[in-house]
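Take a look at the structure below.
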Amino acid sequence: MIERRAGNVIATGSLLELALAMLALALGAIAGISPLGSFSWSLRDAGIGVVATLPLFSVFRLAWKSRAPALRKIRDELERVLPELFGGASTAGLAAVSLAAGIGEEILFRGFLQAWLGALLGDFGGLLAASVLFGAAHPITAGYVVIATLMGGYLGALWHASGNLLVPIVAHALYDLVVLRTLVRRAST
């Protein structure tokens, strides 16, 4: 039963995340912005995306061990929710939902929103506004919104610096996969 529920969560979550990419493409067509205009396949840029996860993992590890009340609240909530949602999910299932999140969220928040808002507010204003919206889209706790906003800023800076949407897609997807797998496994032991 648990594996079946996890499979449903994986399928539904993956579809919802990919729907964000479709939303970005539709909004881009209306606004005259190509959310995939800066995407190109490059083994080098994929490697940069992999390496770019290292600071994220370091911050995750430090935050996870912290005794700060706001960070403990995040940890408690994630330890409660993630095993309920993803308990029994295979690594392949977690990889699917993580990849869908990396693709869907980065096409929406970087490829469309940051590009569109950057055209209106300048590069820094677009990065800042898209990052705040990214954080607001992750309302697990108030502290998590702040952390997600900072992560959005990091991913947006990666996109801006590299010029390739592949870099934040890879970093986002790999980070989500490792964190999901770690937390789900930790709960099952």
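Quick one: which residue in G118, G122 is more than 18 Å from P55 (Cα to Cα), open to solvent by 20 Å² or more (accessible area, probe 1.4 Å) and assigned to a helix (DSSP H, G or I)?
G122
Restricting the search to segment 78-115, which residues are open to solvent by less than 30 Å² (accessible area, probe 1.4 Å) and either without any contact (Cβ under 8 Å) to a residue 12 or more places away in the chain or of a type in the set (S, T, Y) (or both)?
Residue satisfying the conditions is S98 alone.
Determine whether S14 is farther than 14 Å from Y175 by Cα, assigned to a loop (DSSP other than H, G, I, E, B) and touching a helix residue (DSSP H, G or I) at 6+ places or on another chain (Cβ under 8 Å).
Judged against the criteria, S14 is not a match.
Restricting attention to segment 125-144, report how many residues are in a helix (DSSP H, G or I) and open to solvent by less than 40 Å² (accessible area, probe 1.4 Å).
Final tally of qualifying residues: 9.
Which of the residues that make up segment 33-71 are open to solvent by 70 Å² or more (accessible area, probe 1.4 Å), at pLDDT 95 or above and not in a helix (DSSP H, G or I)?
S34, L36, F39, W41
Quick one: would you say L155 is open to solvent by less than 60 Å² (accessible area, probe 1.4 Å), closer than 24 Å to V81 by Cβ and in contact with a Leu (Cβ under 6 Å, 6 or more places away or on another chain)?
The answer is no for L155.
Residue-by-condition table, conditions (1) out of contact with any Phe, Trp or Tyr (no Cβ under 9 Å at 6 or more places or on another chain); (2) among the β-branched types (V, I, T); (3) over 20 Å from G13 (Cβ atoms):
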| position | (1), (2), (3) |
| --- | --- |
| F112 | yes, no, yes |
| G126 | no, no, yes |
| A129 | yes, no, yes |
| H138 | no, no, no |
| T141 | yes, yes, no |
| V145 | yes, yes, no |
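R110: of a type in the set (D, E, K, R) and in contact with a helix residue (DSSP H, G or I) (Cβ under 6 Å, 6 or more places away or on another chain), yes or no?
When the stated conditions are applied, R110 passes them.
The values are calculated or read from the model by the stated rules, or taken from the named source; none is laboratory data. Here the structure is a predicted model, which is why all the values come from computation and not from measurement. So basically every Cβ, Gly included, is an ideal-geometry build from the backbone, and we count neighbours across all protein chains shown. For accessibility, only protein heavy atoms count, side chains too; no ligands or nucleic acids. Shrake-Rupley method; radii C 1.70, N 1.55, O 1.52, S 1.80 Å.
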